[in-house]
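The values are calculated or read from the model by the stated rules, or taken from the named source; none is laboratory data. Owing to the predicted nature of the structure, the values given are computational and were not obtained by experimental measurement. Virtual Cβ from ideal backbone geometry, glycine too; neighbours counted across all protein chains shown.
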Amino acid sequence: MEKNESKKILEMVFDLIINFTKILPSCEETENLKTMEFYILMYIGMKSSKKMSELARVFSIAKSNVTVLVDGMEKKGYFKRVRNSDDRRVINVELTDKGKRIFDLTVKNFEKVINDVMERIPPKDLDVISDGFFRMIKIFNSSKSAKSAP
């Protein structure tokens, strides 16, 4: 792939991120979240409770940084730490009711925008777009697995 082509792809991905950011619920609570705090909130909302080590791995950040982020989100009332019932040494991070409310509001707003956009895209084009996203995710996930293998 040529340098210009990869730059164009980066620019398109960045434009998508910017446009998705515009649809986030406009409330003081989300405006005061750091980007990584918001990402972790959304990840836990979509994937359910997670260990701190998994959050560090998924977001490629140090465990100590995850601890700082989770501490801050716990103080703000979005997260709670819960001991695993099978292994009391393991602590999972879960959304509180406040965290769930922000997650649900974000998903609701996102669905409205996506549904509006999808209505304007022909079904065969939607199939191509969806297939492209699934392929990219599969490639990213397989390259992550290959990098983390011993």
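Please state which of the following conditions S85 fails to meet, knowing it meets all the rest: (1) over 29 Å from S142 (Cα atoms); (2) without any contact (Cβ under 8 Å) to a residue 12 or more places away in the chain; (3) surrounded by 12 or more Cβ atoms within 10 Å (Cβ to Cβ).
The one condition S85 does not meet is (3).
Would the range 120-143 turn up any residue that is polar (S, T, N, Q), assigned to a helix (DSSP H, G or I), under 15 Å from the mean Cα position of the chain (by Cα) and surrounded by 10 or more Cβ atoms within 10 Å (Cβ to Cβ)?
Yes, there is a match, as at least one residue in the range 120-143 is polar (S, T, N, Q), assigned to a helix (DSSP H, G or I), under 15 Å from the mean Cα position of the chain (by Cα) and surrounded by 10 or more Cβ atoms within 10 Å (Cβ to Cβ).
For a quick check of your reading: which helices (runs of 4 or more DSSP H) sit entirely within the range 9-68 and have at least 3 residues that are aromatic (F, W, Y) and either in contact with a Leu (Cβ under 7 Å, 6 or more places away or on another chain) or at pLDDT 85 or above (or both)?
35-47
Would you be able to say whether some residue in the range 69-79 is charged (D, E, K, R), within 23 Å of E28 (Cβ to Cβ) and surrounded by 15 or more Cβ atoms within 10 Å (Cβ to Cβ)?
Scanning the range 69-79, I find at least one residue that is charged (D, E, K, R), within 23 Å of E28 (Cβ to Cβ) and surrounded by 15 or more Cβ atoms within 10 Å (Cβ to Cβ), so the answer is yes.
Could you tell me how many of the residues in the range 69-92 are assigned to a strand (DSSP E or B) and under 10 Å from L41 (Cα atoms)?
Of the residues in the range 69-92, 1 are assigned to a strand (DSSP E or B) and under 10 Å from L41 (Cα atoms).
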